[in-house]
Amino acid sequence: MSKILDQIQKANDIKKIPEDKYDVLATEIRTFILKNVSRTGGHLASNLGTVELTMALHLCLDLPKDKIVFDVGHQSYTHKILTGRKDRFSTLRQENGLCGFPKRRESDCDSFGTGHSSTSIAAAIGLAYARDKKGGDETIVAVIGDGSLSGGMAYEALNNLSQFRKTKKNFIVILNDNEMSISENVGAMSLYLGDIRSKAGYRQLKDNVEEKLNRIPLLGQGITKTLKRSKDSLKNLLVPGMLFENMGINYYGPVNGHNITDLVHAIEAAKKHPGPILIHVITKKGKGYRPAENDPEVFHGIGSFDLRTGQCPPSEESYTDVFSGRLVELAKKHPEIVAVTAAMPSGTGLNRFKEEFPDRFVDVGIAEEYAVTFAAGMAANGLHPVVAIYSTFLQRAYDQIIHDVCMQNLPVIFCIDRSGLVGADGETHQGVFDISYLSHIPNLLLMAPKNAWELEQMMDYAVACDGPAAIKYPRGKAYRGLEEYKKPIKKGEGEIIFGGKKMVILSVGAMMEESLKTVEILRLKGYDPGLVNVRFIRPMDEALLMDLCRDYEYIITVEENMKKGGYGQMVSAFLHDKNMDNRLISFGIGDHFVDHAGVACQRKWNGIDACSMAEEIIARIK
C-alpha cells in the first residue's frame, strides 16, 4: 500500500487526502524530513515543530494564489514538500539543489524570499497592500515565531497593521509560539506570551459565554455587542496587557499547533474576519523526535547525524571555539568585560562565558540594533563590552555602529563570526559584505586573523584598545598552520610571511590557507611569489604597501569579501593616490549573491580557490 505522502505531487494535492489520514500524513512528513536532514544537515527542530501548522495552512489556502510569508524561513520544509519539491529533498542545501529557505525563483508558491528574522509581517503587509490596490481577493498570511517577535521590525509592522483595521481588509498573522527562537527567548514579549499560555482556557470560556448570551431571546445579542464595545471586558480581566487587541489586531488563541482540526477551524474563521487577526498557535520545537525535543537548540541547525541515536560526528575546533575560550580567559583578568549576544549564545560561543560569568552576560534577543547601542551605553559608562554577532546579522546594526559607537570612539569590541562564505545556508547568510560596510568608518579598527593563534592575540589587543575594534573570522575549522609566524600585533601593521620576486600576494584573514596553496602551485610553475598577512584592513598598512610597490611588479589581493568595496579596491585607491604604476590583481566575490553549496565549491564559483587563482595570475602575467 502506497504512502499517503506519495499522493502529494504538487500544490493543493493535500486537499485530496481524507481527514482521517491527516495524522498519518503528518507522521510521514516528519519521517521524511528526519531521513533527509540526517543525511544533508539543515534546520531540523523548527521544521518538526511546524508540520501540522503548515498542513493546516495548505488545507485552507489556494496556492500559489494565496500567499504565505514565513519569517526567517528555516521552517519551510513541509511547505516545500507539499508544493511539489519532495523529490528534490536529497539535494537540500547542496550545490544546485533545494534551498533551505523560501526562494521565489524556486517555486511560485514561495511568495517572498526570507532568511533573516522579524521580516514576515512587513513583507506580508506589502503583499496585501498590492492586493488591495489591484482589487484582488487572495488571502495573505504572515507566519512569525515568538522569538522573531522580539525584533524591532516586527513591532514596526504590527504598528502599521492599523490600515487594515480601517479598510476592513483581511490580514492574518500566525504567531508560532514554541517558547524559543534559536536559544531560550528573553524579554517582555516572552513573558507576555507565557502569561497568555498560562491562561489558555480563555478562548474556550469566551466562546462559551458568547454562545450562551446569544441564545437569550431579545436581550442576548445586545449584551454581546455591549461587551464587545467595552473592548472585551472579560478578555481584559483574564489576559494581561491585551497588547494585540489594543493595537487593533483581533486575537484568537491559544490554539494547539499539533491539532490539525483546531488549526483548520481557526484559519477558516480568520479568513472571514474583516481586518487584521492574529492566531496564537502553541507548538513544540523538535516535535516527534526525542533528541530534538530534548535539545532543540542543538537541533536547530545541524549537520548530518545518526538518525537512530541523534549523535553528530565529532567536530573539530572552530574559530568560534577559539574565541569562546580566549574571552573567558580575558574576562578573568578584566572585570570590566561584559558579553552581549542577539539570541545566539550557542552559535557565537558565548554559552561558556554565560556559565562562567552569568552576571556579566546579556542576551538581548533578536535585536542587533539594540545590542550595539546598548553596548555603546555600557562603554560610555566604564565597561568594555564584547558584542558577538554573525557577519550577516551585524548588517542590521550598521547605523548604530557608526553613530552610537564609532562617532563617540567608544571601546566596544565586535567579534564577527561567520565572516566570509558560510556554505549551505546560502545567500541570505553569507558574510561577504563586512569589509565593504566596516572598512570606511572612522575610528574603527578592523582586523582579520590568519589562524587560531592570531585570533587570540587580536582579542588581547582589542581589549587593550580605548576605542572601537572589530575582529572578523570564518565559520568552521580553525586553521593552525603558520604558528611559527608570530609577529606582535601593532596597530595597522601587516606581517610578511616570506619574500619573493616579481609578485606578492596580500592575503586577508581566512584566505591565508588558500593563499599558501596558491603559492605552492605557482612555485611548481616556476614562479617565486611573496606572501603577506594583511592583519589590519583598517587602518591599512600604507608603509608596508609602499615597500611592496618598490619590490614587486604585481600586487595581488585575496579576500573572501565582495570585490566591490573590498580590500582590493582599497589597495587600488592607494596605488592611484600615490601614483604607483604597479599592476594589481584582485581576487574576491563577484557582483552577485552566492547561492548555497559547500564553501570549497563557492570559492571555485568565484575563482578564489587556489587552482583558479594560480591560473588567473599566470594568465595575467603572460
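Just give me the residues in region 446-482 being closer than 21 Å to residue 558 by Cβ and of a type in the set (A, V, I, L, M), in sequence order.
446, 447, 448, 452, 455, 458, 470, 471, 478, 482
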Looking only at region 413-454, filter to residues that are touching a Cys at 6+ places or on another chain (Cβ under 9 Å) and either more than 22 Å from residue 115 (Cα to Cα) or of a type in the set (A, V, I, L, M, F, W, C) (or both); which one of those is surrounded by the fewest Cβ atoms within 10 Å (Cβ to Cβ)? 442
Unmet criterion (only one of (1) in contact (Cβ under 8 Å) with a residue 60 or more places away in the chain; (2) part of a loop (DSSP other than H, G, I, E, B)) for residue 111: (1)
Of all residues in region 432-484, which are over 20 Å from residue 570 (Cβ atoms) and of a type in the set (Val, Ile, Thr)? 463
Mind listing just one residue for me: the one in region 599-615 that is among the hydrophobic types (A, V, I, L, M, F, W, C) and touching a residue at least 40 places away in the same chain (Cβ under 8 Å) and, of those, surrounded by the fewest Cβ atoms within 10 Å (Cβ to Cβ)? 611
Show me the helices (runs of 4 or more DSSP H) entirely contained within region 1-106 in which 3 or more residues are farther than 21 Å from residue 259 by Cβ and at pLDDT below 95. 22-40
Those residues of region 339-357 which are in contact with a Lys or Arg (Cβ under 7 Å, 6 or more places away or on another chain) and among the hydrophobic types (A, V, I, L, M, F, W, C), in sequence order: 339
Going by the structure shown, is residue 487 surrounded by 14 or more Cβ atoms within 10 Å (Cβ to Cβ), without any contact (Cβ under 8 Å) to a residue 12 or more places away in the chain and of a type outside the set (A, V, I, L, M, F, W, C)? yes
All-but-one check, residue 566 against (1) under 16 Å from residue 512 (Cα atoms); (2) buried (at least 19 other Cβ atoms within 10 Å of the Cβ), failing number (1)
Considering only region 320-372, state which residues are without any contact (Cβ under 8 Å) to a residue 40 or more places away in the chain, part of a helix (DSSP H, G or I) and β-branched (Val, Ile, Thr). 328
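The values are calculated or read from the model by the stated rules, or taken from the named source; none is laboratory data. What you see is a predicted model; the values in this text were computed from it and never measured. With ideal geometry, Cβ positions are generated from the backbone for all residues, glycine too; neighbour counts draw on all protein chains shown.
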